[in-house]
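Here the structure comes first, spelled out in C-alpha cells, and everything after it is commentary.
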C-alpha cells in the first residue's frame, strides 16, 4: 500500500441512515477487559494512567479509609461490563449492517455520572446503545458523522454504578498523504536535559489530598486546583494505558487477531510491510497517523479523560467523591507533548442532601493550547452534615423504556 493509494472510504448517506436505525436499541457490548474488579486490575489501570494514589493501589492503606478497601479510579468502570443483551434484533441488525465500517473514527468526548465507587470484587452488567447520530462537516475530516453511545453499568447487587455518554466522530482518511493542512504547522517537540529536569520537578510537587479531609465549607469559588502533569507523551505511555485499560479493538495476537480480521475487515489496513494490522495503530505508527491528517501519532482521547479524573481525585481526597465529569477533546495531543491538567472552582451548592462543588477543568499543552476542556462536579464532606452520602439508583430508574425493552429482548433471546 503506497501513500498515494491507501485504503479509503468516504461516508455515504446509507452509512448515516444505517447508524440512525440503531438509535435506542440495546446492542451487544464487546467482551470486557475486566469481568471482575480485582485489586490487581484496579492497580494496573491506575498505574497505566500514571496515578499511584494509594486508595487505588495500596490494600493496607485503603482498608483504613471510609471505603474499607481498594476502590477504582473513576474511568476504570469503562474496562468492565458484561453485555446485558447478547443479540441485536434481526431486523435492526440488517438495517444497521456495515454502517461506517472502514471509516476512521475519533473518540471526541465523554460525560460520565457516578453513583457508587467500583470496589474490589465487583462485577458489572452493561446496557449499551446508540443515542444520537448527527451529520457534520469539518476541516479535518470533511463529511463526518457525530454519534453518541449511551452506557449504563450496574453491579452484582443491581445498583447503577455509573452512566456515560460517549461522543465519536467518524470521518474518512486522507486520499493522498498531506492533503489536509489543518495541523501542518505542528512540529514534533524536542526537549533538552534542562527541560526534562523542570518537568520532573513538577512531578515531585504533585499534591495528593489523600486522608486530609477537604470540607465543603472550606472551598471558595475561584480556588485553583493543584495541577497534575502528564508527559512528555511517549509511545510507552500509550502502551501502558492499553495494558491497564484494554482496547475494544485489539482482540489478541496472531491467530486471535486473524480471526477478528475475518469478522471486521474494515478495522484493518495494510502496514508499510504489506501486513494487515489494526487501524488503532494511529496511536503509535507515524505513517498511518499521517493518513488521518495528523503530523504524528497521538494519544487515546480516553487518556485525557483519565488524566482529568486524576486531577479531581487528587483534589477531593479519600473522603470526597467525583459525581460527574465531562471532557471534550478540542485538539490532538501528540507523542512528545506535555500536558498540564488544571482546574478552578466555579460554583458550590447543596442538592438532595449532597454538598457539591463544580469545577471548570482543562488540559493545556506546552504550546499553551487547550487540547481538552469540560467540567466536574464533586461531593465533599460537610463540617455540619458529615460524610458524603451516595445515591442508590436502579437500571429501571435510569433507562426507563429502554430497560423494559431490554427485558423483552432478553426474554426473546432466551426463548
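Entry remark, the range 211-231: residues being more than 29 Å from residue 62 (Cβ to Cβ) and either surrounded by 18 or more Cβ atoms within 10 Å (Cβ to Cβ) or within 17 Å of the chain's Cα centre (by Cα) (or both) number 0 in total. Number of residues in the range 202-229 that are part of a helix (DSSP H, G or I) and farther than 18 Å from residue 365 by Cβ: the value is 4.
Being closer than 30 Å to residue 182 by Cβ and under 22 Å from the mean Cα position of the chain (by Cα) is a property that residue 76 lacks.
Which residue, of 346, 371, 338, is in contact with a strand residue (DSSP E or B) (Cβ under 8 Å, 6 or more places away or on another chain), surrounded by fewer than 17 Cβ atoms within 10 Å (Cβ to Cβ) and not assigned by TED's automatic domain parsing to the domain that holds residue 281?
Numbers: 371 fails: surrounded by fewer than 17 Cβ atoms within 10 Å (Cβ to Cβ); 338 fails: surrounded by fewer than 17 Cβ atoms within 10 Å (Cβ to Cβ).
Testing whether each residue is in contact with a strand residue (DSSP E or B) (Cβ under 8 Å, 6 or more places away or on another chain), surrounded by fewer than 17 Cβ atoms within 10 Å (Cβ to Cβ) and not assigned by TED's automatic domain parsing to the domain that holds residue 281 leaves just 346.
Residues in the range 232-245 include none that are at pLDDT below 95, more than 30 Å from residue 385 (Cα to Cα) and in a loop (DSSP other than H, G, I, E, B). In this structure, does residue 112 turn out to be under 30 Å from residue 294 (Cβ atoms) and assigned to a strand (DSSP E or B)? Here the answer is yes, as residue 112 does meet what is asked.
Candidates in the range 274-303 are the residues that are in a loop (DSSP other than H, G, I, E, B) and under 15 Å from the mean Cα position of the chain (by Cα); of these, the one that is farthest from residue 356 (Cα to Cα) is 299.
Each row is one residue, and each column tells you yes or no for (1) surrounded by fewer than 17 Cβ atoms within 10 Å (Cβ to Cβ); (2) modelled with pLDDT of 95 or more; (3) within 30 Å of residue 183 (Cβ to Cβ); (4) out of contact with any strand residue (DSSP E or B) (no Cβ under 7 Å at 6 or more places or on another chain).
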| residue | (1), (2), (3), (4) |
| --- | --- |
| 128 | no, no, no, no |
| 134 | yes, no, yes, no |
| 139 | yes, no, yes, yes |
| 142 | yes, no, yes, no |
| 147 | no, no, yes, no |
| 158 | yes, no, no, yes |
| 162 | no, yes, no, no |
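Checking each residue in the range 97-108 for being outside any loop (DSSP other than H, G, I, E, B) and at positive phi picks out no residue at all.
The values are calculated or read from the model by the stated rules, or taken from the named source; none is laboratory data. Since we're looking at a predicted model, the values are computed, not measured. We place every Cβ from the backbone using ideal geometry, glycine too, and count neighbours over all the protein chains shown.
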